[in-house]
Amino acid sequence: MNFPFYIAKRYLVAKKSHNAINLIAAISLTGIATGTMALVVVLSVFNGFDNVVKSLINSFNPDIKVILTEGKTFTADEALLDSIKSIKGVNAVATVLEDKALLRYDERQTIATVKGVSRDYANVSGIDSMITEGDFILDNREQPFAVIGKGIDIFLNVILNSPRQMGIYVPKRTGKVSFDPESAVNRKYLNVSGVFLIEQDYDSKYIFVPLAFAQDLFEYPGEINALEIRLDQNVNTQNIQQQIGLMMGDNFKVQNRYQQNEIFYKTMQMEKWAIFLILVFILIVASFNIIGTLTMLILEKKTDIITLRNLGASDNLINRIFLFEGWLVSIAGAVIGLAAGLLICWLQITFRLIRLQGSGTFIIDAYPVLIKPFDIAATGIAVIIIGLLAAWFPIQFVTRKLLTVTSLVQPA
């Protein structure tokens, strides 16, 4: 066995002459373990929420979206749609036209984005699985219906399938100056068949209607402003994206899910690493106890240091003994903290112990947890590095000074 490691291990478990050293060592180990456990639990819970939010957003956003680089609308004939559908890995294609409009129900009104979608839209997105009230029905026997977000539903206080219809108002594209303002506005009415719940920004913004209804409302006959495409599972998205890009030409942007929500994904990653750094800073503060522990231990073992010097031990060997001592405290704290954190995460995943307050209004009823091996490895490495730096300080200053003094002591 490595001699410095053997001595360090004996020092770690041996009873010290001063109880304060034992107490500070226990506090050091507990602080490291608690900080490590907090890192594992907080990062895993953050991963859980991140996964839930992404799954909800992905139920709204398609695998691939095609939009114009400049301009507002374009036409997509059946030949183009068939060509895209013929690409291996493409599951479904939907045509979309969306624009802002004024919604009115009884005496309440709000601005929303009206999204007209083709019949294939339910096959492209998972929006039909996000319906919390009613059904995802946009037309029935040629009668148009609307599906609205929960935020719009709450604001307008809509009653599903009621004889009272929702009014949608937009300015006419060809409107002329008139003394009658109503003549410059297109208005249409329809019933609401369902309410979806995804995420606040979507729930308070979008309303789905049939594509033909939207084209007539906005006066864009036969035109759309996006193609939304669903892919088969386990396909090369980048390869299909490139094929569609070549097919559409330079006037179009072909975006994958990350590119459609690039700011969102970057923000989530920045928030996660900000949390990681804050907790690491707490670990650094907790590691100050290691400095105190090693400093007092070095002073207590002054006689042992003199003995080792007289037996021919080098300064480097003595430094390594106390360096290993600091490492052992950090590693023991890290192992205990990782084990405790993983246990808490497992208990939450299995038994859903901690519930969300007011869970009836959420998609989930308990704090979600997702353990990622990379986070566990990063936490362990961070703790070990912090422990190394915490042990380095007293060794470089206290031990060096003590060794200078003991070098004058001669064997008896």
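Read-outs: derived from the displayed coordinates by stated rules, not from any lab. Predicted model, so just to flag it, every value in this text is computed and none were measured. Every residue, glycine as well, gets a Cβ built from its backbone with ideal geometry; the counts of neighbours run over all protein chains shown.
Determine the alpha carbon to alpha carbon distance for each of K88/K205; K188/K266; K115/K266; K72/K188; K88/K150 and list only those over 31 Å.
Over 31 Å apart, Cα to Cα: K88/K205; K188/K266; K88/K150.
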Inset, instruction - Please compute the net charge surrounding A101, taking Lys and Arg as +1 and Asp and Glu as -1 over other residues with Cβ under 11 Å from its Cβ. - result: +3
Inset, instruction - Go ahead and run the numbers for FRET between V335 and Q238, Cβ-Cβ distance against an R0 of 30 Å, rounding to 0.05. - result: 0.15
Inset, instruction - Pick out the long, greasy-scoring helices in the chain: whole DSSP H runs spanning 18 Å or more along their own axis by Cα, mean Kyte-Doolittle at least 0.0. - result: 19-60, 262-300, 315-351, 373-394
Legend entry - Net charge of Cβ neighbours under 14 Å - reference G167; Lys, Arg +1; Asp, Glu -1: +2
Legend entry - Top positive-direction residue, dipole computed over the chain with Cβ charges, set L297, F374, N310: N310
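Placing +1 at every Lys and Arg Cβ and -1 at every Asp and Glu Cβ, with all other atoms neutral, what dipole size does the stretch 63-260 have around its Cα centre, in debye to the nearest 20? If you can, show how the numbers build up before the last one.
Values: 21 positive and 27 negative charges, 51 e Å.
It works out to roughly 240 debye.
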Inset, instruction - Putting +1 on Lys and Arg Cβ atoms and -1 on Asp and Glu Cβ atoms, find which of T75, G222, I244 reaches farthest to the positive end of the dipole of the chain. - result: I244
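Among 105-111, 131-137, what's the highest-first ranking by average C-beta atoms within 10 angstrom per residue?
Working: 105-111: 12.9, 131-137: 16.3.
Descending packing order for the listed peptides: 131-137, 105-111.
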Inset, instruction - Would you mind getting me the FRET efficiency between A184 and K85? Use the beta-carbon distance for r and R0 = 45 Å, nearest 0.05. - result: 0.65
Legend entry - the chain - charge dipole about Cα centre, Lys and Arg +1 at Cβ, Asp and Glu -1, debye rounded to 20: 2140 debye
Inset, instruction - State, to one decimal in nm, how far the label point of F5 lies from the label point of T30, with both points 7 Å from Cα in the Cβ direction. - result: 3.0 nm
Inset, instruction - Write down the radius of gyration of the chain and its Dmax, each obtained from C-alpha positions, in Å. - result: 32.7, 115
Inset, instruction - Place a label point 7 angstrom from the Cα of M270 along the Cα-to-Cβ direction, then list the residues of the stretch 27-71 whose backbone nitrogen is under 15 Å away. - result: none
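Over the Cα atoms of the stretch 63-260, what is the Rg over Rh ratio if Rh follows Kirkwood? Intermediate results must be reported in sequence, preceding the final value.
Values: Rg = 17.6 Å, Rh = 17.8 Å.
Radius of gyration over Kirkwood radius for the stretch 63-260 works out to 0.99.
Work through the residues other than Y367 whose Cβ is under 10 Å from its Cβ and net out their charges, Lys, Arg +1 and Asp, Glu -1.
Numbers: positive: R352, R355; negative: D365.
So the surrounding residues net to +1.
Taking 2.2 N^0.38 Å as the expected size of a compact globular protein, what ratio does the Cα radius of gyration of the stretch 182-312 give against it, to two decimals? Don't jump to the answer; show the numbers that get you there.
Numbers: Rg = 31.6 Å, N = 131, 2.2 N^0.38 = 14.0 Å.
Compactness ratio reported: 2.25.
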Inset, instruction - In whole angstrom, note down how far apart the Cα centers of the stretch 182-221 and the stretch 253-303 are. - result: 46 Å
